[in-house]
Amino acid sequence: MTDTCPNVLKEWEQCFIDCLQNLGQDHDDASHDFFHFQRVWKTACQILDQDGAAADRLVVLAACYFHDVVVLPKNHPERSKASKLAAAKARELLQHMAFPEAQLESVCHAIESHSYSAGIVPETLEAKVVQDADRMEALGAIGLARVFYTSGVLRQKMFDPEDPMAEHRELSDRQFALDHFEQKLLRLPETMQTNAGREMAERNARYLADFRAKLLQELQGDYS
């Protein structure tokens, strides 16, 4: 178990906050903003408390705050490279802050492997915790808000009014936000790396499934 006392973590967290605020965001994606970083860290803490006794919390903290320091739009042709670009930028920023060199590689691996589109398998407990915490942002109420926000940014339709469940067509989450539920979001629980993350994901995936059921009901004119 890594003995990183709460005061040291708080000091580093403030350093990360100061760094990111001074850096500013070079994108306007509100689904990957500074508050997203903070939420991922809070979720990671919940996972660490249940399954992360052996984890290095400073590594997890740093990876949570810098995992999306470089963001490419979901429809960008090099979207799958975003996490590697973020890891490289994080390395540069952390070295400038005199972050412990011995923990730097672990931070970069956690950042590189957090991405769904990158397809990199997390090999450390810290990376697994960060990946799970980040994926929780795609589920529950936050996930519901983010999927339709992103759909609007990309000028996609909310759903196919003629065939919302894609019973007679191919699923296409590049066209319809609701298709993203089936193509990715509702499958996230099975990708979770920790027991705590999986339990959280299953609960919050049910929230999305219940929302979809209510939406389909209303599309039939039933608002009961």
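Each principal axis of the Cα cloud of region 127-224 was evaluated for its coordinate range; sorted largest first, these ranges are 42, 31, 23 Å. For the chain, lysine pairs separated by 8 or more sequence positions, or belonging to different chains, with Cα-Cα distances below 25 Å total 23.
Give the accessible surface of the chain per residue, rounded to a whole number of Å², with probe radius 1.4 Å and ligands, DNA and RNA excluded.
On the way: 11720 Å² over 224 residues.
Computed with neighbouring chains in place, this is 52 Å² per residue.
Let me have the 222 nm mean residue ellipticity of the chain computed from DSSP H runs of 4+ only, each contributing -39500 (n - 2.57), with the sum over all residues rounded to the nearest 500.
That comes out to -18500 deg cm²/dmol.
Label positions at Tyr207 and Met165, each projected 7 Å from the Cα along the C-beta direction, are separated by 2.4 nm. As a fraction of the 1.4 Å probe accessible area of region 105-221, surface on carbon and sulfur atoms comes out at 47 percent. Highest mean packing comes first when the peptides 86-99, 116-129 are listed by Cβ atoms within 10 Å, giving 116-129, 86-99. Here the extension length gained between Glu218 and Cys19 equals 67.0 nm, from 0.36 nm per residue of separation less the Cα-Cα distance.
The values are calculated or read from the model by the stated rules, or taken from the named source; none is laboratory data. Only a predicted model underlies this, so the values are computations on that prediction, with no experimental measurement involved. Neighbour counts are summed over all protein chains in view; Cβ atoms, including those assigned to glycine, are modelled from backbone coordinates with ideal geometry. Quick note on the areas: whole protein, heavy atoms, side chains included, nothing else; ligands and nucleic acids left out. Shrake-Rupley method; radii C 1.70, N 1.55, O 1.52, S 1.80 Å.
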